[in-house]
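Accompanying notes for the structure given below.
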Number of protein chains: 2
Amino acid sequence: MSGTVADLRTLRRELTRRRILDAAWELAREQGLPGLTMRDLGAGVGMRAQSLYSYFPSKHAIHDAMFAQGNRALLDRYAEKDAADAGDRGRDRDNPDARLCRLNRIWLEFCAEDPVRHQLLIQRPIPGFEPSAESYRAAAEVLELTRAAVHACGVTSPRAFDMFTGLTAGLAAQQNANDPGGTRWLRLADEAVEMFLQHYRHRHGGSP
Amino acid sequence: MSGTVADLRTLRRELTRRRILDAAWELAREQGLPGLTMRDLGAGVGMRAQSLYSYFPSKHAIHDAMFAQGNRALLDRYAEKDAADAGDRGRDRDNPDARLCRLNRIWLEFCAEDPVRHQLLIQRPIPGFEPSAESYRAAAEVLELTRAAVHACGVTSPRAFDMFTGLTAGLAAQQNANDPGGTRWLRLADEAVEMFLQHYRHRHGGSP
DNA sequence: GTCTATATTTGGATAGAC
DNA sequence: GTCTATCCAAATATAGAC
């Protein structure tokens, strides 16, 4: 019996943690990531700021949890969308170019739909913030996924991969900085991949 | 006579303003842009924080002055380097591709040599900060310079120019975020321009 | 022109009552 | 588990003496 009670407690606690994180995202979207304060966050979930310390040991821990959440959300998005768009039809082997375009679109849309999340995951807007090892693992997983997709297109040099990450990171950054909510750079996604593949496949690559 | 005295006073005042801004850059480079405080800044020039208000009406005004300084520095860099590398020899007309590569290298090196300045000029790390109109003018001038250089290479579509700014912004962002002080993305500068021109000149462009 | 003194606000975090 | 009551630190900014 006491086991069940403990489980319920843990569950309630976890739910409240989620509510706090949801409110944190909402506030960060409104006033920017540095503008997120314990006071406002407490008010956002109907608590005093001090009560938050029952759920997170520090503000840093909240940032870290958000970072981890963001990376997991991206991995989930890949799993959903990538599978939904082509997995069943088995086109992954047949057309690696299309898959790279797809992954690139998923990434760019993910970045554009929440500039604050993009900021937290990609740039480092919080001075002393270093994410935990577990959070880094998810980020590295995303990178490897992308690298594999580029390789599958016949482009294998590290230089080329750096160019790819630069290209796609730039489109996301420009979109959020200069046309937030729009599609001015988003719409260049496929064109960018095409440009990239044309250049690197013919130079260092394998099959056309 | 009183005019001379007034001039001296203005001069001294202007010199102190410069000293304050120099110290501001130094501190920002050390502790990040949000870590710049009036206290530390005062200490950096041998004053109390309160005395700074004799030179700048607010912290915001200091940020704005830094923003303007940064943009002017970039324009100066273009004027110096671009002219020094090719102006005398008059290659600008003969080889627009080389000029675009040159401008791109100047820009990337400028961004990489001071990540904090890059952050201030390109991204918007300070929540409520909006630069003054005069500062914006310099930034727009930079953009037009680049657009003209891309046009000279026979690439005229706005889409293509957006791709160019995305590409080059991404290289700078990746360099500073993932390899500060290194050259991992910097060295891709010419290759990026080559890739870009090959793609867009053959598609929408003019002469090869 | 710079200082001391101070006002004001804000934010992160702890202790202990209930 | 949440609250009240505080603490402490830091930061922007103003007033007035020297």
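The values are calculated or read from the model by the stated rules, or taken from the named source; none is laboratory data. What you see is a predicted model; the values in this text were computed from it and never measured. Please note: Cβ atoms are built from the backbone with ideal geometry, for glycine as well, and neighbour counts cover all protein chains shown.
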Please work out which one of (1) modelled with pLDDT of 95 or more; (2) buried (at least 16 other Cβ atoms within 10 Å of the Cβ) is the condition B:Thr37 fails and give its number.
-> (2)
Going through segment A:163-186 in order, the residues found to be within 8 Å of chain B (Cβ to nearest Cβ) and charged (D, E, K, R) are A:Arg184
Within segment A:25-52, track down each residue that is within 12 Å of DNA strand D (Cβ to nearest atom), in a helix (DSSP H, G or I) and either in the same structural domain as A:Ala112 (by TED's automatic domain parsing) or of a type in the set (D, E, K, R) (or both).
-> A:Arg39
Between a first residue in segment B:35-58 that is more than 14 Å from chain A (Cβ to nearest Cβ) and a second residue that is within 7 Å of DNA strand D (Cβ to nearest atom) and among the basic types (Lys, Arg), which pairs have beta carbons less than 8 Å apart while being 6 or more apart in sequence or on different chains?
-> B:Met38/B:Lys59; B:Ala49/B:Arg39
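Which residues, counting only those in segment B:68-104, are at pLDDT 80 or above, in contact with an Asp or Glu (Cβ under 7 Å, 6 or more places away or on another chain) and either assigned by TED's automatic domain parsing to the domain that holds B:Leu21 or surrounded by 16 or more Cβ atoms within 10 Å (Cβ to Cβ) (or both)? Give the steps one after another, and end with the answer.
Of segment B:68-104, the ones at pLDDT 80 or above are B:68-84, B:95-104.
Applying the additional criterion that residues be in contact with an Asp or Glu (Cβ under 7 Å, 6 or more places away or on another chain) yields B:68, B:75, B:99, B:101-103.
Of everything in segment B:68-104, those that are at pLDDT 80 or above, in contact with an Asp or Glu (Cβ under 7 Å, 6 or more places away or on another chain) and either assigned by TED's automatic domain parsing to the domain that holds B:Leu21 or surrounded by 16 or more Cβ atoms within 10 Å (Cβ to Cβ) (or both) turn out to be B:Ala68, B:Arg99, B:Cys101, B:Arg102, B:Leu103.
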Looking at (1) more than 13 Å from DNA strand C (Cβ to nearest atom); (2) of a type in the set (Gly, Ala, Ser); (3) surrounded by 14 or more Cβ atoms within 10 Å (Cβ to Cβ), find the lone condition where B:Ser51 falls short.
-> (1)
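Taking the residues in segment B:56-67 that are surrounded by fewer than 19 Cβ atoms within 10 Å (Cβ to Cβ) and more than 19 Å from A:Pro34 (Cβ to Cβ) as candidates, determine which candidate is farthest from DNA strand C (Cβ to nearest atom). If you could, list the steps in order and put the result at the bottom.
As a first pass, look at segment B:56-67 and keep what is surrounded by fewer than 19 Cβ atoms within 10 Å (Cβ to Cβ): B:57-61, B:64.
Okay, now just the ones that are also more than 19 Å from A:Pro34 (Cβ to Cβ), so B:57, B:61.
Numbers: B:Pro57: 13, B:Ala61: 16 Å.
Filtering segment B:56-67 for residues that are surrounded by fewer than 19 Cβ atoms within 10 Å (Cβ to Cβ) and more than 19 Å from A:Pro34 (Cβ to Cβ), the one farthest from DNA strand C (Cβ to nearest atom) comes out as B:Ala61.
Select from segment B:190-208 the residues that are at pLDDT 70 or above and over 26 Å from the mean Cα position of the chain (by Cα) and write down the one among them that is farthest from B:Leu103 (Cα to Cα). Let's see the steps before the verdict.
The first filter runs over segment B:190-208 and keeps only residues at pLDDT 70 or above, leaving B:190-202.
When the remaining residues are screened for being over 26 Å from the mean Cα position of the chain (by Cα), the result is B:198-202.
Details: B:Gln198: 18, B:His199: 19, B:Tyr200: 18, B:Arg201: 18, B:His202: 22 Å.
Filtering first and then ranking leaves B:His202.
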Those residues of segment B:120-151 which are in contact (Cβ under 8 Å) with a residue 60 or more places away in the chain, more than 23 Å from A:Gly32 (Cα to Cα) and within 13 Å of chain A (Cβ to nearest Cβ), in sequence order | B:Ala139
Kindly state which helices (runs of 4 or more DSSP H) lie completely within segment B:98-178 and contain at least 3 residues that are within 15 Å of A:Gln123 (Cβ to Cβ).
-> B:115-121, B:158-178
Would you check if there is a residue in segment A:11-24 being in a helix (DSSP H, G or I), within 14 Å of chain B (Cβ to nearest Cβ) and within 15 Å of DNA strand C (Cβ to nearest atom)?
-> no
Segment A:125-156, residues that are surrounded by 14 or more Cβ atoms within 10 Å (Cβ to Cβ) and farther than 30 Å from A:Asn95 by Cβ = A:Pro125, A:Ile126, A:Phe129, A:Pro131, A:Ser135, A:Tyr136
Does any residue of segment B:124-142 turn out to be outside the structural domain of B:Trp25 (by TED's automatic domain parsing) and modelled with pLDDT of 95 or more?
-> no
